[in-house]
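The values are calculated or read from the model by the stated rules, or taken from the named source; none is laboratory data. Note that the structure is a prediction, hence the values are computed from the model and not measured. Glycine also receives a Cβ, built like all others from the backbone with ideal geometry; neighbour counts cover every protein chain displayed. For accessibility, only protein heavy atoms count, side chains too; no ligands or nucleic acids. Shrake-Rupley method; radii C 1.70, N 1.55, O 1.52, S 1.80 Å.
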Amino acid sequence: MLRNVVGSVLALVGATAAVWSPFRAWYDGRHGRDYALGDLFTGITGDSADPLGSILLPLVVAALLTLLGVVLRSRLLVAFAGIVVLGFTILWMVRVGQAEGSLMVGGDGTGLGDGVAGALGGGILLLIGALVMSGRTRARRVDGEPRHIRPPLDEPPRDGSPDEPRRHPQASAPYAATQTYDVPAWDPDRENPPPRQ
């Protein structure tokens, strides 16, 4: 239970950082929401994009997947959200590196900005959250045993009944004792002989 709580908090913090990152500077003061989503596949241009057509869109989808994963306690969904965030951020870095010739980090607002750091950190937090989460636990019976496991048939019952092992109702001994029956032999002098086949 505690692992699920800690993992969920890490995942939600990571999703928040990822969604917030496009509103920060990504490169040379240009915000992430200004990069068109199509530019990641065709090449970075100077054209500005509307928010729903920008890099913000896959990060919002990743945040929604994170919320769904936390509600369903699904480690797979949270991990997939982290891969989406990291994948699009790294793809953006590759495209910007191709367009600029190289990636730089400058302290005066040039080069890579804190928005990229937020996206990368958010994706890593999502993956760590997925690793920390324990996921769904199987339902257990009141006596502590999982529901899907039945005790062996030869195990004695636990409710204090006789010590004789439980057996399946249709179970029988492999070699049953034989019984003999007295069958009268046919007498040819009798009035009603058996029918011939």
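Considering every residue within the stretch 64-71, establish whether at least one is under 21 Å from MET104 (Cα atoms), of a type outside the set (A, V, I, L, M), under 31 Å from the mean Cα position of the chain (by Cα) and at pLDDT 95 or above.
Kept after step one, since they are under 21 Å from MET104 (Cα atoms), are these residues of the stretch 64-71: none.
No - not one qualifying residue is present in the stretch 64-71.
Given the structure, is ALA18 more than 18 Å from GLY135 (Cα to Cα), in a helix (DSSP H, G or I) and open to solvent by 60 Å² or more (accessible area, probe 1.4 Å)? Please lay out each step first, then the result.
Details: more than 18 Å from GLY135 (Cα to Cα): yes; in a helix (DSSP H, G or I): yes; open to solvent by 60 Å² or more (accessible area, probe 1.4 Å): no.
It is false that ALA18 is more than 18 Å from GLY135 (Cα to Cα), in a helix (DSSP H, G or I) and open to solvent by 60 Å² or more (accessible area, probe 1.4 Å).
Among residues belonging to the stretch 72-109 that are farther than 21 Å from PRO58 by Cβ and out of contact with any strand residue (DSSP E or B) (no Cβ under 9 Å at 6 or more places or on another chain), point out the one that is surrounded by the most Cβ atoms within 10 Å (Cβ to Cβ).
Taking the stretch 72-109 as the starting set, the residues that turn out to be farther than 21 Å from PRO58 by Cβ are 73, 100-102, 104-109.
Narrowing the set further to residues that are out of contact with any strand residue (DSSP E or B) (no Cβ under 9 Å at 6 or more places or on another chain) leaves 73, 101-102, 107-108.
Values: ARG73: 16, GLY101: 8, SER102: 8, GLY107: 6, ASP108: 6.
It comes out as ARG73.
Can you tell me how many residues in the stretch 21-30 are open to solvent by less than 50 Å² (accessible area, probe 1.4 Å) and part of a strand (DSSP E or B)?
Number of matching residues: 3.
I'd like to know if the stretch 42-52 contains one or more residues that are within 28 Å of GLY106 (Cβ to Cβ), modelled with pLDDT under 95, open to solvent by less than 30 Å² (accessible area, probe 1.4 Å) and acidic (Asp, Glu). Walk me through it before giving the result.
Keep residues of the stretch 42-52 that are within 28 Å of GLY106 (Cβ to Cβ), which gives 42-49, 51.
After this cut, where a residue has to be modelled with pLDDT under 95 as well, the list is 42-49, 51.
Checking which are open to solvent by less than 30 Å² (accessible area, probe 1.4 Å) leaves us with 43, 49.
Right, trim to acidic (Asp, Glu) and you get none.
For the stretch 42-52, residues within 28 Å of GLY106 (Cβ to Cβ), modelled with pLDDT under 95, open to solvent by less than 30 Å² (accessible area, probe 1.4 Å) and acidic (Asp, Glu): absent.
Kindly indicate whether VAL5 is surrounded by fewer than 22 Cβ atoms within 10 Å (Cβ to Cβ), out of contact with any Gly (no Cβ under 6 Å at 6 or more places or on another chain), in a helix (DSSP H, G or I) and modelled with pLDDT under 95. Steps first, answer last, please.
Working: surrounded by fewer than 22 Cβ atoms within 10 Å (Cβ to Cβ): yes; out of contact with any Gly (no Cβ under 6 Å at 6 or more places or on another chain): yes; in a helix (DSSP H, G or I): yes; modelled with pLDDT under 95: yes.
Spelling it out, VAL5 is indeed surrounded by fewer than 22 Cβ atoms within 10 Å (Cβ to Cβ), out of contact with any Gly (no Cβ under 6 Å at 6 or more places or on another chain), in a helix (DSSP H, G or I) and modelled with pLDDT under 95.
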